[in-house]
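Enquirer: The structure's right below; bear with me while I get my questions together.
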Amino acid sequence: MKIPKQLQPLLEDGLIDEVLYQLMSGKEATVYVVKSQGSICCAKAYKDVMKRSFKKAAQYQEGRKVKNSRRARAMEKGSSFGRKQLEDAWQNAEVDALFTLAKAGVRVPQPYGCYDGVLLMELITNEEGDVAPRLNDVEMSSEQALDDHAQMMHYVKLMLCAGIVHGDLSEFNVLVDDYGPVIIDLPQAVNAAANNNAFEMLQRDVRNITDYYAQFADELKQTLYAEEMWALFEAAKLSPETELTGYFEVDTREADVDTVLEEIKAAFAEEQARQERMREAGDE
């Protein structure tokens, strides 16, 4: 096939031997199957920020640390240099997340490195060597759905223990090979402790996955794994060994608005009295 422009430098540098075919094109990248040093792998070519259609990127970038202060200031100002740094941070987030999660025991593609906006990584295949299907293309028995859902909740727990929330997890971002689910597409991964949207994203991730498996195992609809995990995470009680139940007692008590308002008024009156005492002391 014709060599894509983004892959040409990697071909010239010997990082890629041959581009075999385009695997898919998504909202933030195009993925190719390539041969690298004699092995078949993936080349994920990120789309230019102006062409990428991923929404609400700022929500995902919140909490990402940049060690270089000049880069951080440029990113905040939105200069051309700053936009380049934002784009690099977006791409590096996936590489960093893949290495971190693989070490934590989460099944993700093995990353080989990111070069000029192209991520080289493992191609997930079945035993016949064919590309593994996405979860949305897989049907299963109720028993298999329960087993795979439990495995996915275990992976989400391990991710949270590592301080990461996927942020865009769904049946479209999970591959299924002969050994079970494999989580993919992590450029939007967020810092669980530093991003104010982390819990909301965790809830959405878990809901998306649970809704898919619930098509085959209806009892999963009643589970509340995200709420259970987050409560343990906030209390510093979540660990890789934590056994999840999917049960969480939601506090349905209505807030006592009148009492809260009275407390605010009392605090305001106390502050006014304090300032008055300070003024009187200054006049003496």
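No lab work stands behind these numbers, since they all come straight from the coordinates. What you see is a predicted model, and the numbers here were worked out from it, not measured in a lab. Counting neighbours? That spans all protein chains shown, and the Cβs are built from the backbone with ideal geometry, glycine included.
Enquirer: For ASN195, which sequence-distant residues (separation of 5 or more, or a different chain) have an amide H within less than 5 Å of its own amide H, given hydrogens modelled in the peptide plane?
Expert: Here the answer is none, since no amide H 5 or more places off falls under 5 Å of that of ASN195.
Enquirer: Still on this model: Using DSSP to define loop residues, name the GluC sites (Glu not before Pro) in region 105-199 whose beta-carbon has at most 16 other beta-carbon atoms within 10 Å.
Expert: On the way: sites: GLU122, GLU127, GLU128, GLU139, GLU143, GLU171; in loops: GLU127, GLU128, GLU139, GLU171.
Loop-located and lightly packed - GLU127, GLU128, GLU139.
Enquirer: R0 = 35 Å: FRET efficiency of GLN222 with TYR21, Cβ-based, nearest 0.05? Numbers along the way, then the final one.
Expert: Numbers: r = 43 Å, r/R0 = 1.23.
With R0 = 35 Å, the Cβ-Cβ based efficiency is 0.20.
Enquirer: Report the label-to-label distance for ALA102 and GLU276 in nanometres (one decimal), using points 7 Å from each Cα along the Cα→Cβ vector.
Expert: For the pair ALA102/GLU276, the computed spacing is 6.8 nm.
Enquirer: Sticking with this one: Where does each of SER170, SER25 land when they are ranked from fewest to most other beta-carbon atoms within 10 angstrom? Write out the running numbers ahead of the final one.
Expert: Numbers: SER170 18, SER25 11.
Final ranking by Cβ density, sparse to dense: SER25, SER170.
Enquirer: Rank these for me by crowding, HIS149, HIS154, HIS166, going from fewest to most other beta carbons within 10 Å. List each step's numbers first, then the result.
Expert: Working: HIS149 23, HIS154 16, HIS166 29.
Ascending number of Cβ neighbours within 10 Å: HIS154, HIS149, HIS166.
Enquirer: Could you derive backbone 3J(HN,Hα) for region 116-130 from the dihedral phi with the Karplus parameters 6.51, -1.76 and 1.60 (θ = phi - 60°), listing whole Hz in sequence and x where the residue is Gly or Pro?
Expert: Each residue's phi maps through the Karplus curve to give 6, x, 10, 9, 8, 7, 4, 8, 7, 10, 8, 5, 7, x, 7 Hz.
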